[in-house]
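Below: one structure, written as structure tokens.
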Amino acid sequence: MKKILMAGLLGLGMVATTLPVVTIEAQAKSSLAREGWITHKTKLTFKELNSRLNAAIKSNGMLRVTSASASAGAKGRGLTIPGNRIVGVYRNDFAVRMLEASLAAGIEAPIRFYVTEGTDRNARLTYKTPTTVFSPYFEEGGDALKSMAKELDEIFAKIADEAIR
């Protein structure tokens, strides 16, 4: 990547640098529309949506248990990419119920929200419904896992609705 360097006036040797901006080509070509995924386009900034998501998670009695940001990592490498953050949300009582129903389903927890910044600088909130996430384990986990997934569907919908408003 090129760094833009500017020589100081009158040969004073002062140098200013700016971070290179990286265009994510897939962003313009790819859609987050997938079966079982819900995407909310907002007029919020990336920072605003992240803040509202954190508040909505807490107010709905859930916990933010993981968070990772490709854009923050890129910034640490001297690159600027559109905002991108994964937020893992869960709660121990759901974890225990899930594991009682299906040990294999444990690999899916926590369930994630995906906050992305569009080319229009507006943020989007995307998540797979818990029913979609856990559906591969329904045969093993039976009605207990299906019931839990439906409960989580309602909670995740409330979190999303609260975060985007």
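Here's a check for you: in segment 119-146, which residue that is surrounded by fewer than 19 Cβ atoms within 10 Å (Cβ to Cβ) and small (Gly, Ala, Ser) is farthest from Lys47 (Cα to Cα)?
Of everything passing the filter in segment 119-146, Gly142 is farthest from Lys47 (Cα to Cα).
Looking at Glu162, Glu154 in this structure, which one is modelled with pLDDT of 95 or more and either exposed (fewer than 15 other Cβ atoms within 10 Å of the Cβ) or under 16 Å from Thr66 (Cβ atoms) (or both)?
Exactly one of Glu162, Glu154 is modelled with pLDDT of 95 or more and either exposed (fewer than 15 other Cβ atoms within 10 Å of the Cβ) or under 16 Å from Thr66 (Cβ atoms) (or both), namely Glu154.
Test Ile81 against the criterion of being in contact with a helix residue (DSSP H, G or I) (Cβ under 9 Å, 6 or more places away or on another chain), among the β-branched types (Val, Ile, Thr) and more than 17 Å from Phe46 (Cα to Cα), and give yes or no. Working first, answer last.
Numbers: in contact with a helix residue (DSSP H, G or I) (Cβ under 9 Å, 6 or more places away or on another chain): yes; among the β-branched types (Val, Ile, Thr): yes; more than 17 Å from Phe46 (Cα to Cα): no.
No; evaluated as a whole, the condition is false for this residue.
Which of the residues that make up segment 59-74 are more than 19 Å from Asp153 (Cβ to Cβ) and surrounded by fewer than 15 Cβ atoms within 10 Å (Cβ to Cβ)?
Of everything in segment 59-74, those that are more than 19 Å from Asp153 (Cβ to Cβ) and surrounded by fewer than 15 Cβ atoms within 10 Å (Cβ to Cβ) turn out to be Thr66, Ala68, Ala72, Gly73.
Please specify each residue of segment 75-118 satisfying the condition of being hydroxyl-bearing (Ser, Thr, Tyr), surrounded by 19 or more Cβ atoms within 10 Å (Cβ to Cβ), more than 18 Å from Glu48 (Cβ to Cβ) and touching a residue at least 60 places away in the same chain (Cβ under 8 Å).
To start, the set of residues in segment 75-118 that are hydroxyl-bearing (Ser, Thr, Tyr) comprises 80, 90, 102, 114, 116.
With surrounded by 19 or more Cβ atoms within 10 Å (Cβ to Cβ) added as a condition, the list becomes 90, 102, 116.
If we keep only those that are more than 18 Å from Glu48 (Cβ to Cβ) as well, we get 90, 102.
Once the filter is applied, which keeps residues that are hydroxyl-bearing (Ser, Thr, Tyr), surrounded by 19 or more Cβ atoms within 10 Å (Cβ to Cβ), more than 18 Å from Glu48 (Cβ to Cβ) and touching a residue at least 60 places away in the same chain (Cβ under 8 Å), segment 75-118 yields nothing.
Please indicate, with yes or no, whether at least one residue in segment 115-122 is modelled with pLDDT under 95 and among the hydroxyl-bearing types (Ser, Thr, Tyr).
Yes, some residue in segment 115-122 is modelled with pLDDT under 95 and among the hydroxyl-bearing types (Ser, Thr, Tyr).
Counting only residues that are of a type in the set (S, T, N, Q) and surrounded by 16 or more Cβ atoms within 10 Å (Cβ to Cβ), which one in segment 40-53 is farthest from Ile155 (Cα to Cα)?
Taking the candidates together, the pick is Thr42.
Please return the ranges of helices (runs of 4 or more DSSP H) entirely within segment 49-165 where 3 or more residues are under 18 Å from the mean Cα position of the chain (by Cα).
70-76, 130-134, 138-164
The values are calculated or read from the model by the stated rules, or taken from the named source; none is laboratory data. Because the structure is predicted, anything quoted here is derived from the model rather than measured. Positions of Cβ are generated from backbone atoms using ideal geometry, with glycine treated the same way; all protein chains shown enter the neighbour counts.
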